[in-house]
Each structure stands twice: as C-alpha cells, then as structure tokens.
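Student: Below is the structure I would like to discuss, written out as structure tokens.
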Amino acid sequence: MVKIAVLVSGGGTNLQALIDAQSCGEIIGGEIAAVIASKPGVYALERAKNAGIPGYVIARKDYSDSRAMTVALVDKLKELGIGLVVLAGFMTIITNEMVEAYPNAILNVHPALIPSFCGKGYYGLHVHEEALKYGVKVSGATVHFVSEECDGGPIVLQKAVPVEEGDTPETLQRRIMEQAEWKLLPQAVSLFCQGRLKVEGRTVHIAE
C-alpha cells in the first residue's frame, strides 16, 4: 500500500476530490496518509480532519528560504514513510531537494493543457485569464510528474474542456475543475499506486 501525502495551501478542492475517490474505492493500492499545509488555518486541514486524515503544517514563514522549507518538508515525508507526493493547490515553491528525494513520485495538477499557459507565473486564475485573452477554443487540465523545471515534468494525463461564449476566468476555472481536475488527479494517483506508470524520457507509458 503506497502512503500518499497531499500538499495544500488553501481550500483543498482537489484534496476533497482525492478524499471522495478514496472513500469510493477508486484509489487502488494507496491511501492518503497525511495532508501537509504551507500555512496554518487553511480549510484543506479541516477537510483532512473531517476525513480522519492526519494534518501537519510546515509554514513557509517559519523558514529562512524555500530550500530550508523544502528540506524540512522532505524530512517530514520520509519520517511518515510517504511513497507518493501530490501537489494539490500547493502555492509554495519547492526546490530540487524534493525532486531528488522523490524522482517521478510527485504529481501536480495544472489547470491548462501543457505546454500552453504554464510555467512561472501561471497559477490560479492567471492561467484562465491568459487562456481567454489568447482566444483559445479549448483549455483543460494536465496531471504531470514534477521535475526541476516549473510545469515541465512528464505528462501523465490530460483532458480538454471547451471554452464557452461569455466565459470569465472564474467560470472557466470552475468548469475545468469539475470536468477535468477532479477526475484526472484521483485517476493518476490510482495508476501510480498500482505501479502502472512507466516514465521513458518525456513519455509516460500507462500499463494495462
């Protein structure tokens, strides 16, 4: 059984999707063993508590820089015996120490079809603002492994979502969450925990 840690910074809607998938038996071969927040008092910790999942805080403000925080985070993950790290709205920059400790074992969900609208500065509503400004007809979500390059790791799953006439960044964000993010992330986590993901270069092969 793979022990999963979900890293959060806010309300935890993607965390809730994972909790719901776990309670329905959709995450095969793994269990959410910890939720770790980058600041105290976020609602995601309440979601973890309600689901009976241990919650921890490793606050960015308690450390001199991102590297010091990342080292503390890795120490906690190792102490808990974590095998898969999931970034679910984790808004704090993590440094290479995390990638080195968990190669091809950190999953992130990005609210666009990578390589579009991704990389430094593309997070939250900014992604959807830029997609609408560009005039794309479809956007979507991508689950990828985390590498040293921001949003640059191998792609695990993608799903397209239509952009509709009159969309605002908020309405597009909601549609992408409901139709793509909340479905793809639990699916990718389950595939990882079943040992069905194999990375070759930039390509992730999914075993039957």
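The values are calculated or read from the model by the stated rules, or taken from the named source; none is laboratory data. Just so we're clear, the structure is a prediction, and the values are computed from it rather than from any experiment. With ideal geometry, Cβ positions are generated from the backbone for all residues, glycine too; neighbour counts draw on all protein chains shown. Note: areas computed on protein heavy atoms with side chains; ligands, DNA, RNA excluded. Shrake-Rupley method; radii C 1.70, N 1.55, O 1.52, S 1.80 Å.
Student: Within a Cβ distance under 12 Å of Met177, other residues only, what is the Lys/Arg minus Asp/Glu net charge?
Tutor: +1
Student: Name the long-range amide H neighbours of Ile36: under 5 Å, sequence gap of 5 or more, or other chain; modelled H, no Pro or chain starts.
Tutor: Val6, Leu7, Val8, Tyr56
Student: Something else about it: How much of the accessible area of the range 142-190, in percent, comes from carbon and sulfur atoms when a 1.4 Å probe is used?
Tutor: 48
Student: Still on this structure, please answer the following. Rg (Å, one decimal) plus Dmax (Å, integer) for the alpha carbons of the range 35-99?
Tutor: Cα only, the range 35-99: 11.6, 33 Å (Rg, Dmax).
Student: Right, next: Can you give me the span-like helices of the chain, meaning DSSP H runs with 18 Å or more of Cα extent along the axis and Kyte-Doolittle mean at or above -1.0?
Tutor: Span-like helices here: 66-79.
Student: In what order, largest first, do Phe192, Phe145 sit by accessible area if the probe radius is 1.4 Å?
Tutor: In descending accessible area the options line up as Phe192, Phe145.
Student: Let me ask another. Just to verify a number: what accessible area does Met91 come out at with the full protein assembly present, 1.4 Å probe, Å² rounded to tens?
Tutor: Approximately 120 Å² for this residue.
Student: Next up: Taking amide H atoms as placed 1.01 Å from N in the peptide plane, list the residues 5 or more away in sequence, or in a different chain, whose amide H sits under 5 Å from that of Gln194.
Tutor: Sorted by chain and number, the residues that satisfy this come to none at all.
Student: If you don't mind, another one. Could you check what % of the DSSP bridge pairs in the chain are antiparallel, to the nearest 5?
Tutor: 45
Student: Can you give the local net charge around Gly81? Use residues other than it whose beta-carbon is closer than 12 angstrom to its beta-carbon, Lys and Arg +1, Asp and Glu -1.
Tutor: In short, +1.
Student: I've got another one for you. Using only protein heavy atoms and a 1.4 Å probe, report how much of His126 is accessible, in Å² to the nearest 10.
Tutor: Accessible area, nearest 10 Å²: 80 Å².
Student: How charged is the neighbourhood of Ala17? Take every other residue with its Cβ under 15 Å from the Cβ of Ala17, and add Lys/Arg as +1 and Asp/Glu as -1.
Tutor: Surrounding charge for Ala17 is +1.
Student: My understanding is that a pair violates if its Cα-Cα distance is over 31 Å; which of Lys61/Lys198; Lys49/Lys78; Lys133/Lys159; Lys76/Lys120 do that in this structure?
Tutor: Lys61/Lys198
Student: Once the Cα atoms of the chain are picked out, what are the Rg and Dmax in Å?
Tutor: Reported Rg and Dmax, both Å: 16.3, 49.
Student: How large is ³J(HN,Hα) for each residue in the range 200-208, as worked out from phi by the Karplus curve 6.51 cos²θ - 1.76 cosθ + 1.60 (θ = phi - 60°), to whole Hz, x for Gly and Pro?
Tutor: Result, rounded to whole Hz: 10, x, 8, 9, 9, 8, 10, 6, 6.
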